[in-house]
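Before any comments, here is the structure.
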Amino acid sequence: MLHKYVVLLRMKYVEMFAYQLATIVWMTGAMVQPLITMLVWMNIYPEQEEAFIFYFAVLIFVERMTSAWDVWELEREIREGTFSYQIVRPFHPIHWAIAENFVYKALFFVILLPVWGILAVFVPALRFQLSTLQVLLFLAALIVAAAIRFLFSYSFGLLGFWITKVTAVYGMFEAISLFLSGRIAPLSLLPPLIQKISLYLPFRYMIGFPIEIVTGSIQGTAVMYGFVGAMSWLLFFMIVLSLLWKAGLKKNQAVGG
Amino acid sequence: MRRYWRIFREFFRTCLVEELEYRSEFVGNLLSSLFGIGIAILTIHIFFYQTNELGGWVYEDVLLLLGVFNTLQGFIDFALRPNMSRLLQHIRKGTFDYVLTKPVDSMFYVSFRHLVFWRLIDVLLGIALVLYALVQKQYIPSMADVLIFCVTICSSLVIIYSLWMLLMTTAFWVIRMDDLSFVFNSFFETTRFPIGMYRGWLRIVLTYVLPAAFITSTPALALLGKWDITAAAASILVAGLFLWLSRRFWRYALRSYTSASS
């Protein structure tokens with residue numbers, strides 16, 4: 001297993017450099033919207049400027065580290081019939097996807113840390129003091145968040161066995177999650193009802209939860225409850241994915257010869 | 001000019017015929033447009049849950065601005081976006097030669113050959129939102145307001161077109177750049193909110209370098225009766241300038257174009 005993964009990781013690593021430009025676009029992509037949202041909030045609460053800069057900088061980081069693109073890949077592969085090649089391999093195709101995610105995100109992590117360091121020299125709002133415990137909790141929450149978002153996206157992709165236009169439906173969920181995951185606003189600024197709902201849906205655990213740990217807006221038992229929620233959703237999507245996978249294989253009819 | 005109008009009508013007709021083959025998709029497209037504008041309105045609600053003005057604009061004003069934004073976005077998706085991927089393909093495969101040999105202006109041809117009609121839904125929804133905002137505000141625009149609005153919205157369409165073409169023309173050099181439209185989207189997103197929201201150097205850039213201010217804020221202000229004649233004149237001037245620039249750039253690109261293949 002481990003040996004297979006080493007091979008996969010190396011393969012994906014090489015692949016990534018073959019598409020340098022696309023990689024760069026992927027990395028820098030989707031930064032504009034959070035930045036504009038940040039400006040809006042800085043306008044509404046000028047006295048809390050620093051806090052918003054920090055929040056949205058962490059948001060961009062977390063968003064990139066957890067971003068999931070598998071639904072688009074799967075949709076295309078199932079539609080064009082190339083997914084069949086992956087199914088017949090003796091190794092579950094999800095491992096390819098996991099390896100790919102790992103390689104891209106690890107690279108981004110390595111690049112972003114020094115960038116953050118340099119920016120922090122010029123922008124005081126980016127300097128932070130965190131306890132070791134906070135850092136560890138953040139990293140744990142981040143990994144769980146990435147896993148949930150990945151499983152969500154992959155499960156959605158598998159729906160492609162049954163319905164076309166999966167990505168359109170996925171896009172709707174993404175749009176709704178803008179509010180519930182803390183991307184439009186820190187959850188504490190939302191109306192109380194939406195805040196409450198967000199605690200029970202998976203979206204907060206995909207992005208907002210790790211940020212809340214770092215900004216210190218949740219502490220102690222709230223963090224613990226957060227992890228309970230995150231782990232439950234993680235487990236839930238693991239089960240959903242394996243069920244979809246089994247049912248999907250029965251259903252699958254490859255397109256083309 | 002007359003001839004180009006006739007050719008445009010012909011493009012219009014063929015694309016319409018083409019699109020009517022996929023009528024069943026209409027409902028889905030309608031739903032996704034409604035959903036999109038719904039999410040945008042909800043976002044503004046979230047902001048105004050915490051404040052009652054944004055860069056000096058009240059809720060109804062921002063709603064009207066969003067309506068203008070949605071309308072313009074609809075036009076972009078209707079006429080400009082569908083053509084972009086085709087130009088890239090033309091250049092990559094060398095079929096751009098055929099475009100050049102046609103007895104029409106090549107810039108005109110690559111900009112308007114393909115139209116996606118259902119995107120006009122966004123235009124209608126945008127106009128509906130503008131009207132709704134006016135009703136909410138209980139403001140009836142005077143004739144002068146409407147006139148200035150029409151002039152400035154035409155300027156914004158010209159500005160959008162010119163910026164779009166400036167970007168698209170770079171495809172002659174950066175051929176594998178599929179993400180040109182992404183660059184444009186990022187810029188266009190900034191026009192979703194009042195220009196008054198941006199401060200310092202960013203505002204200067206968005207007014208004088210990349211004329212975001214003239215795209216949505218100026219027409220919206222005109223309809224709200226807060227226009228001033230200098231801004232309106234400036235928007236016409238800027239539109240003319242950018243159109244001239246994009247035209248020059250296109251000509252320059254054509255001169256350095258050396259077909260693909262062999």
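The values are calculated or read from the model by the stated rules, or taken from the named source; none is laboratory data. Computed from a predicted model, the values in this text were never measured in an experiment. FYI the Cβ positions are ideal-geometry reconstructions off the backbone, even for glycines, and counts take in every protein chain you see.
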Check every one of the helices (runs of 4 or more DSSP H) wholly within the stretch B:44-120 and list those with 3 or more residues that are in contact with a His (Cβ under 7 Å, 6 or more places away or on another chain) and either within 30 Å of B:Tyr252 (Cβ to Cβ) or not basic (Lys, Arg) (or both). B:81-93
If you go through A:Thr66, A:Thr82, the only one that is among the polar types (S, T, N, Q), closer than 30 Å to A:Trp162 by Cβ and buried (at least 19 other Cβ atoms within 10 Å of the Cβ) is A:Thr66
With the checklist (1) more than 21 Å from B:His90 (Cα to Cα); (2) part of a helix (DSSP H, G or I) in hand, flag the one item B:Ala253 doesn't pass. (1)
Scanning the stretch B:169-182 for residues that are out of contact with any Leu (no Cβ under 6 Å at 6 or more places or on another chain), farther than 17 Å from B:Gly74 by Cα and assigned to a helix (DSSP H, G or I) gives B:Thr169, B:Thr170, B:Phe172
Residue count for the stretch A:70-95, restricted to those that are modelled with pLDDT of 85 or more and of a type in the set (Phe, Trp, Tyr): 1
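For the stretch B:61-71, what are the residues that are touching a Phe, Trp or Tyr at 6+ places or on another chain (Cβ under 8 Å), of a type outside the set (Gly, Ala, Ser) and either surrounded by fewer than 18 Cβ atoms within 10 Å (Cβ to Cβ) or more than 14 Å from chain A (Cβ to nearest Cβ) (or both)? Break it down into steps so the answer makes sense when it comes.
Our first condition is that a residue be touching a Phe, Trp or Tyr at 6+ places or on another chain (Cβ under 8 Å); within the stretch B:61-71, this holds for B:62-63, B:65, B:67.
Going one step further and asking which of them are of a type outside the set (Gly, Ala, Ser), we end up with B:62-63, B:65.
Within the stretch B:61-71, B:Leu63 is the sole residue that qualifies.
Within the stretch B:194-214, can one find any residue that is of a type in the set (Ser, Thr, Tyr), part of a helix (DSSP H, G or I) and either within 14 Å of chain A (Cβ to nearest Cβ) or farther than 23 Å from B:Gly56 by Cα (or both)? Before you say what the answer is, go through the steps one by one.
Going through the stretch B:194-214, the residues of a type in the set (Ser, Thr, Tyr) turn out to be B:198, B:207-208.
Then keep just the ones that are part of a helix (DSSP H, G or I); that gives B:207-208.
Those still in the list that are either within 14 Å of chain A (Cβ to nearest Cβ) or farther than 23 Å from B:Gly56 by Cα (or both) too: none.
No, every residue in the stretch B:194-214 fails to be of a type in the set (Ser, Thr, Tyr), part of a helix (DSSP H, G or I) and either within 14 Å of chain A (Cβ to nearest Cβ) or farther than 23 Å from B:Gly56 by Cα (or both).
Just to be sure, is B:Ile236 part of a helix (DSSP H, G or I) and at pLDDT below 90?
Working: part of a helix (DSSP H, G or I): yes; at pLDDT below 90: no.
Spelling it out, it is not the case that B:Ile236 is part of a helix (DSSP H, G or I) and at pLDDT below 90.
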Within the stretch A:148-195, tally of residues that are in contact with a Ser or Thr (Cβ under 9 Å, 6 or more places away or on another chain), under 25 Å from A:Ile98 (Cβ atoms) and aliphatic (A, V, I, L, M): 1
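May I ask you to verify whether B:Gln136 is polar (S, T, N, Q) and either within 16 Å of the chain's Cα centre (by Cα) or at pLDDT below 90 (or both)? I'd like the intermediate steps shown before the answer.
Working: polar (S, T, N, Q): yes; either within 16 Å of the chain's Cα centre (by Cα) or at pLDDT below 90 (or both): no.
No: the conditions fail for B:Gln136.
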State which residue is farthest from B:Ala234 (Cα to Cα) when the search covers only the stretch B:162-190 and only residues that are modelled with pLDDT of 85 or more and facing another protein chain (nearest Cβ under 10 Å). B:Glu189
